[in-house]
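Here is the structure we will look at.
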Amino acid sequence: MKRANARSTPAIDVDVLIIGGGLVGASLACALAGASLRVGVVDAVPMDKEPASHDDRSLALSLGSKRILDTLGLWSHLIHAASPIREVHVSERGQFGATRFRAQDEGVPALGYVTKARALGEALRAGLAQHRQLTLMSPTRVVGVFAEDGGIRAGLRNAAAAVHTVRAQLLVAADGARSTVRDLLGLAAVEHNYGENAIAAQVTPSVDHRGVAYERFSSRGTVALLPLNEGQCGLIWTLPSAAAEMLLDLDEAAFLEALNQVFGSRLGRLVRVGPRVEYPLRLVSASVHVAARAVVIGNAAHTLHPIAAQGFNLGLRDAAALAEVLVAARRSGQDLGSAAVLRRYLDLRRDDQRSVTLFTDTLARVFSIRSQWVSGLRSLGLLGTDLLPCLKHALARRAMGLAGRQLRLSRGLPP
Ligand SMILES: Cc1cc2nc3c(=O)[nH]c(=O)nc-3n(C[C@H](O)[C@H](O)[C@H](O)COP(=O)(O)OP(=O)(O)OC[C@H]3O[C@@H](n4cnc5c(N)ncnc54)[C@H](O)[C@@H]3O)c2cc1C
């Protein structure tokens, strides 16, 4: 891995320039650099510091994501910090209906794995450090992009305010929900504020979680408890913003009391809670994902409500698909930024992106309705799903990232 110095290298030439070295951008960089493409990665945050999204939030990685990370050689860096999900239990507080998804029923060792965003970020950094054909530019921000014949140029400003130019065949915007590149490219995005916040924290239950992930809907928000290592659970509690603010103001004992009331006694009692962090929740969906010699992926293309734990999983499949298309294009001597190559990427990703975005948004809206009548209907829905093995299997395959055409990296093949 090289570090660019703007003074000594005024113009850098790469095959692919990735703006945003977060969870998705860094995954793409590892995939492309491993296939011998010349890759540049730009991030606003110094690489020896963690970007905001590499925090202690718990991330549920689908089995499909685990397979991609494994093929990229990253899983070995993460395995010590990942805990298997053997079962998912979904229920509605105060109602009889519940649905259980079991790894055993799906014939897999685990439905997915839970880790912390920080641990995944560290694994990705270890992966990036192994690639010598990768040029890392940070702390650096993009200030302009210009498509021209045969390439695209990005104007970058580093911490010393020096501006330099990088030329590439293709520019990838992986700079998150508030994507500057998406704006610079003039790509519109639809936004919806859910009026909800998520509170994330680590909690300690009095009873072993035995690899079960819980999602519990209630009139006081949705509580997800994800199995972490050493008997800990990752909490994601989503609820209306004002109610979230009030919970954050509570001391540890009062917060735990409120949490125990909503979650119930499936894990005995929740006896400790670590630092609580809150996230405002909104949907951001780019209307168009490509421009001349540019493509947006990950949260820059679709920022989702965390209710179905799909945001990173979806973004990682964007990265895996783009790597597959670009490596095939290079092999056949095609221009990596050509319209034909970008069309192939869009064709590969359209269905998955649309269905996961729609599914997640619908869940978020349906489960935020706080009415006894709707709660009863939801409960019936959960019960019905539990009694219909075909529907349950189809939902489980989708949540595991195993529905539809499997990308090469998901099948253990290089991109
Ligand atoms: C509470 C919560 C729980 C979640 N749980 C799950 C889960 O269980 N499973 C799951 O799959 N997903 C989950 N997600 C979603 C997941 O965290 C995101 O989808 C993922 O972080 C997106 O990665 P990204 O690389 O696209 O964007 P980010 O992680 O936001 O990275 C963007 C990068 O771009 C850089 N950047 C920004 N602007 C610029 C600029 N102008 N110039 C240069 N660099 C720039 C930033 O420094 C950063 O490094 C959750 C999200 C939340 C909020």
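Just so you know, the averaged projected area of the alpha carbon convex hull for the chain sits at 19.4 nm².
Listed peptides 398-408, 336-346 appear in the order 398-408, 336-346 once ranked by packing, highest mean of other Cβ atoms within 10 Å at the front. Based on the Stokes-Einstein relation at 4 °C and a viscosity of 1.567 mPa s, and on the Kirkwood radius from alpha carbon pairs, the stretch 1-150 is assigned a translational diffusion coefficient of 74 µm²/s.
Projection of the Cα convex hull of the stretch 194-281, averaged over all directions and equal to a quarter of that hull's surface, yields 5.1 nm².
The aspartates and glutamates within cross-link reach of Lys66, meaning a Cα-to-Cα straight distance under 18 Å and a gap of 8 or more places when in the same chain, are Glu87, Glu106, Glu122, Asp318, Glu324, Asp352.
May I ask for log10 I(q)/I(0) of the stretch 267-317 at q = 0.18, 0.22, 0.32 Å⁻¹, from a Debye sum over the Cα atoms as equal point scatterers with solvent left out? The calculated log intensity ratios at q = 0.18, 0.22, 0.32 Å⁻¹ are -0.72, -0.89, -1.21.
Residues in the stretch 194-281 average 41 Å² of solvent-accessible surface per residue, probe 1.4 Å, ligands and nucleic acids excluded. With Cα atoms defining each centre, the stretch 179-219 and the stretch 129-148 are spaced 29 Å apart in the structure. Compute a Gaussian network model of the chain, connecting alpha carbons closer than 10 Å, and tell me which residue from Ala213, Ala103, Ala253 fluctuates the most. Judging by the Gaussian network model, the answer is Ala253. Extents of the stretch 285-415, largest first, come to 60, 29, 18 Å (Cα atoms, principal axes, whole angstrom).
Of the DSSP H helices in the chain, those that are both long (alpha-carbon extent of 20 Å or more along the helix axis) and hydrophobic (Kyte-Doolittle mean at least -1.0) are 311-331, 339-366, 372-387.
Highest-first packing order for the peptide set 388-395, 234-241, 176-183 is 234-241, 176-183, 388-395, based on the mean count of other beta carbon atoms within 10 Å.
The values are calculated or read from the model by the stated rules, or taken from the named source; none is laboratory data. Given the structure is predicted, the values throughout are model-derived calculations rather than measurements. Positions of Cβ are generated from backbone atoms using ideal geometry, with glycine treated the same way; all protein chains shown enter the neighbour counts. In case anyone asks, the SASA skips ligands and DNA or RNA and just uses the protein heavy atoms, side chains included. Shrake-Rupley method; radii C 1.70, N 1.55, O 1.52, S 1.80 Å.
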